[in-house]
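The structure appears below as structure tokens.
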Amino acid sequence: MMARIRNLKPWLDYFRMLQRYEHDGFLQTDAEKHEAYITRAALCTLSADGPVILGKDIEDWEYAARRLMKDIPKAVRRIRSYAAWISREGDGYMSRPFALHVVQEDGPHDLLYTVVITSRRRWWKLWMWHDTFDVIRYDRPGKE
């Protein structure tokens with residue numbers, strides 16, 4: 001049986017970029033605890049497929065927000081894969097819950113929200129695992 005050849009260079013380049021984010025202080029992973037901390041700006045940067053040029057119309061802003069919300073799960077999955085790569089556990093790591101804590105850019109880095117990704121089976125496809133996302137939002141006192 002021949003081994004399937006895969007080009008891992010894109011993944012290694014992406015992981016190198018995430019290492020640079022860690023070095024610069026925008027990302028902090030704790031692979032043993034299955035969690036990571038990232039600044040809001042870094043998450044938005046990782047989630048954007050390309051530059052979005054916004055005009056003065058509200059429709060442009062709504063389109064940009066919808067597009068960003070659609071791409072955030074991809075970034076969360078990639079950060080989870082990066083943490084699995086750091087931990088060297090493999091598939092066992094990917095099957096357990098992972099929490100991505102999003103914090104403010106400026107100090108004291110207040111916690112804004114947490115995205116928890118878990119793998120579950122859905123009742124209509126019991127043979128397949130699917131990622132589910134739960135968002136825990138933290139309301140700060142004085143902000144209304």
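FYI, it's all coordinate maths here, none of it is from the lab. Everything numeric here is computed off the predicted structure, so don't read it as measured data. Counting neighbours? That spans all protein chains shown, and the Cβs are built from the backbone with ideal geometry, glycine included.
Some notes on this structure:
- Counted by Cβ distance under 12 Å from residue 119, the other residues give a net charge of +4, where Lys and Arg count +1 and Asp and Glu count -1.
- Under the shape rule built on the C-alpha gyration tensor, where the axes satisfy a ≥ b ≥ c, region 63-109 is oblate, since a/c reaches at least 1.5 while a/b does not exceed b/c.
- Nonlocal amide H pairs with residue 30, under 5 Å, H built at 1.01 Å: 35, 36, 37
- Taking a ≥ b ≥ c as the square roots of the eigenvalues of the alpha carbon gyration tensor, region 12-137 is oblate, as a/c is not under 1.5 and a/b does not beat b/c.
- The relative contact order of region 12-137 comes to 21 percent, based on Cα pairs under 8 Å that sit 6 or more residues apart.
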